[in-house]
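Take a look at the structure below.
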Amino acid sequence: VDEKTMVVISSYSGNTEETLSSLQEAQARKAQIFILTSGGKLAEYAHKHNLPSYVFSPENNPSAQPRMGLGYNILSIVALLARCRQIHGVENLNELPDFLRRKQSESNGILKMAKTLVEKIPVLVASEHLKGAAHAIKNQLNENAKSFACLFDLPELNHHLLEGLTFPKSNSDNLAFVFMTSDKYHSELKMRYTLTRAAVR
């Protein structure tokens, strides 16, 4: 990181200790800084030092829990990257609410899966571009469902986890594997998903 680097300093509350520390580090390295927050010390700092920022009002997150407001952070970064011409513009972003409503109405499969996870430890398995989304889902299960969940990625899982499933013998009764598949995965990786799913049943 140096003066040619853009650093996005993002904290929903604006008071996250690690984020404030990262801001100091980015400044020490003379980076170009963009602040993304709903308020707190970050918003105050951006205003005081006239730094580029987006201070959003989280009115669509009545829970006031940062973990329930991921959309603010994610879409703000998408918009920033598009404006900086680092990714293609997102012209149809206004279609997102309708898309999400349609997905909500098609939630029978999700509810069915949720029922299979009752009294089980979810073991999420993801790869490549879906690892970040899987990490967010794991966090949601931990924080919102108050449930232990873990995440592994393929192909790394094949190198160690299969051996680790041998003991305790109760693993098959307690673990529920959730495979996050994608047509965009590498062809060899798709084969690993098929074989791994069969191995853990």
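Percent of accessible area on the chain owned by carbon and sulfur, 1.4 Å probe? Percent of accessible area from carbon and sulfur atoms in the chain: 54.
Return the percentage of antiparallel bridges among DSSP beta bridges fully within the chain, rounded to the nearest 5 %. Could the numbers behind the result be given before it?
On the way: 0 of 18 bridges.
Beta bridges within the chain, antiparallel portion: roughly 0 percent.
Would you work out the relative contact order for the chain, in percent, from Cα pairs under 8 angstrom that are 6 or more residues apart? Over the chain, the number comes to 14 percent. Scaled against 2.2 N^0.38 Å for its residue count N, the alpha carbon radius of gyration of the chain is 1.24.
The residues neighbouring A28, those whose beta-carbon lies less than 13 Å from its own, together hold a net charge of -1 under the Lys/Arg +1, Asp/Glu -1 convention. In the complete set of protein chains, residue-level accessible area for M68 is approximately 100 Å², probe 1.4 angstrom.
Backbone amide hydrogens, once placed in the peptide plane, bring L124 within less than 5 Å of C150, L151, F152, V178, excluding anything fewer than 5 places away on its chain.
So what's the net charge close to E3: Lys and Arg +1, Asp and Glu -1, counting the other residues with Cβ under 15 Å from its Cβ? Once positives and negatives cancel, what remains is +1. Extension gain, T5 to K48: 0.36 nm times the residue separation minus the Cα-Cα distance gives 13.3 nm.
Helix 70-83 and the longest principal axis of the Cα set of the chain meet at an angle near 60°.
The residue among Q27, H88, L195 whose Cα reaches farthest toward the positive pole of the charge dipole of the chain, with charges on the beta-carbon of Lys, Arg, Asp and Glu, is L195. For segment 119-201, chymotrypsin sites (Phe, Trp or Tyr not before Pro) are listed when DSSP marks them as loop and at most 15 other Cβ atoms sit within 10 Å of their Cβ; the list is F148. When only alpha carbons are used to place a centre, segment 145-196 and segment 101-133 end up 14 Å from one another. Restricting the count to DSSP beta bridges whose residues both fall in segment 113-201, what percent are antiparallel, rounded to a multiple of 5? Close to 0 percent.
Under the rule a/c < 1.5 gives rounded, and otherwise a/b versus b/c splits prolate from oblate, where does segment 131-201 land using the Cα gyration tensor? Taking the square roots of the gyration eigenvalues as a ≥ b ≥ c, segment 131-201 is oblate. In the chain, the longest principal axis of the Cα atoms and the axis of helix 96-105 are about 30 degrees apart.
I need the fraction of alpha carbon pairs in segment 77-139 separated by more than 18 Å, rounded to a whole percent. Write out the running numbers ahead of the final one.
Numbers: 1234 of 1953 pairs.
Of the Cα pairs, 63 percent sit more than 18 Å apart.
Computed from Cα atoms, the angle from the helix 17-28 axis to the main principal axis of the chain rounds to 50 degrees. Between the amide H of L175 and those of I121, distances stay under 5 Å, these residues lying 5 or more places away or on another chain, with hydrogens modeled in the peptide plane.
Calculate, for the chain, the solvent-accessible area per residue in square angstrom, rolling a 1.4 angstrom probe over the heavy atoms of the protein chains. Show your work: numbers first, answer last.
On the way: 13870 Å² over 201 residues.
With the other protein chains kept in place, the chain gives 69 Å² per residue.
Backbone geometry of segment 36-50 corresponds, through the Karplus equation with coefficients 6.51, -1.76 and 1.60 at θ = phi - 60°, to 3J(HN,Hα) couplings of 10, 6, 9, x, x, 5, 5, 5, 4, 5, 4, 5, 5, 9, 6 Hz, x marking Gly and Pro.
The values are calculated or read from the model by the stated rules, or taken from the named source; none is laboratory data. Since the structure is predicted, the reported quantities are computational estimates derived from the model, not experimental observations. Cβ atoms come from the backbone with ideal geometry, glycine included; neighbour counts cover every protein chain shown. The protein model used for the area step is the full one, side chains on, heavy atoms only, and it has no ligands, DNA or RNA in it. Shrake-Rupley method; radii C 1.70, N 1.55, O 1.52, S 1.80 Å.
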